[in-house]
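Quick notes on the structure that follows.
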Amino acid sequence: QVELVESGGGLVQAGGSLRLSCAASGRSASAYNMGWFRQAPGKEREWVASIRWDAKSLDYADSVKGRFRISIDNAKNTVYLEMNSLQPEDTAVYYCGVSARLSGGRMPVSTVNYWGQGTQVTVSS
């Protein structure tokens with residue numbers, strides 16, 4: 001079992017930045033690939049970004065590519081999501097998730113083994 005604790009959400013103005021973090025714990029936490037997801041009201045949860053457990057590969061959804069950056073601190077078993085140039089369309093609950101496998105660098109929602117509690121990100125216009 002992997003426990004995920006998220007932090008960093010909040011309210012920002014359009015064009016601003018936020019940095020989310022998700023700390024993973026558990027004996028096998030370091031063996032999982034890590035990803036970020038988001039779910040806006042009335043919409044399905046969607047994949048945002050993912051990083052391989054050893055940080056050798058990263059991938060992003062087209063909607064955030066060039067604006068968001070995922071990174072991992074293996075020593076701390078913590079994954080980060082740096083979000084820049086935020087827009088109101090980015091408003092959602094953001095979740096950290098881990099998976100034992102990646103699909104072409106992506107992490108489909110259906111493959112996530114464990115989820116964090118979610119943190120609200122609200123971008124005002």
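The values are calculated or read from the model by the stated rules, or taken from the named source; none is laboratory data. The structure displayed is predicted, hence computed values, not measured ones. Methodologically, a virtual Cβ is constructed for each residue, glycine included, from the backbone with ideal geometry; neighbour enumeration extends over all protein chains shown. Accessible surface areas use protein heavy atoms only, side chains included; no ligands, DNA or RNA. Shrake-Rupley method; radii C 1.70, N 1.55, O 1.52, S 1.80 Å.
What is the list of residues in the range 50-66 whose amide nitrogen lies under 14 Å from a point 7 angstrom out from the Cα of Gln87, following Cα to Cβ?
In the range 50-66, the label zone of Gln87 (backbone N under 14 Å from the point 7 Å along Cα→Cβ) covers 62-66.
Quick one: among Gly104, Gly26, Gly16, which has the greatest mean-square fluctuation in a GNM of the chain with alpha-carbon springs under 10 angstrom?
Gly104
Work through the residues other than Ser125 whose Cβ is under 12 Å from its Cβ and net out their charges, Lys, Arg +1 and Asp, Glu -1.
Net charge around Ser125: -2.
The range 3-31 to the range 104-122: how many Å between their Cα centroids?
So the two Cα centres are separated by 11 Å.
May I ask you to give the solvent-accessible area per residue for the chain, in square angstrom, as obtained with a 1.4 angstrom probe?
Per-residue accessible area for the chain comes out at 51 Å².
Just to be sure I understand: with springs between alpha-carbon atoms less than 10 Å apart, which residue in Thr91, Thr111, Thr78 has the highest mean-square fluctuation in the Gaussian network model of the chain?
Its mean-square fluctuation being the largest, the pick is Thr111.
Measuring from label point to label point, each 7 Å out along Cα→Cβ, what is the Ser124 to Glu46 span in nm?
2.5
Between beta-carbons, use under 14 Å as the cut-off and find the net charge around Ser17, counting Lys and Arg +1, Asp and Glu -1.
So the environment of Ser17 carries a net charge of +1.
What net charge is computed for the residues neighbouring Glu6, neighbours being all others with C-beta under 13 Å from the C-beta of Glu6, Lys and Arg scored +1, Asp and Glu -1?
Computed value for this residue: +1.
Under 10 Å, Cα contacts only: if you run a Gaussian network model on the chain, which one of Arg69, Arg45, Arg27 comes out with the highest mean-square fluctuation?
So, out of Arg69, Arg45, Arg27, the one fluctuating most is Arg27.
Stretched out fully, how many nm does the piece from Ser110 to Lys56 gain, at 0.36 nm a residue minus the Cα gap?
17.2 nm
Could you please state how large a percent of the accessible area of the range 1-117 is carbon and sulfur, counting protein chains only and using a 1.4 Å probe?
45
Using Cα-Cα distances under 8 Å and only pairs 6 or more residues apart, what relative contact order does the chain have, in percent?
Once divided by the residue count of the chain, the mean separation gives 35 percent.
Convex hull over the Cα atoms of the range 32-85, averaged projected area in nm²?
The Cα convex hull of the range 32-85, projected and averaged over all directions, gives 4.2 nm².
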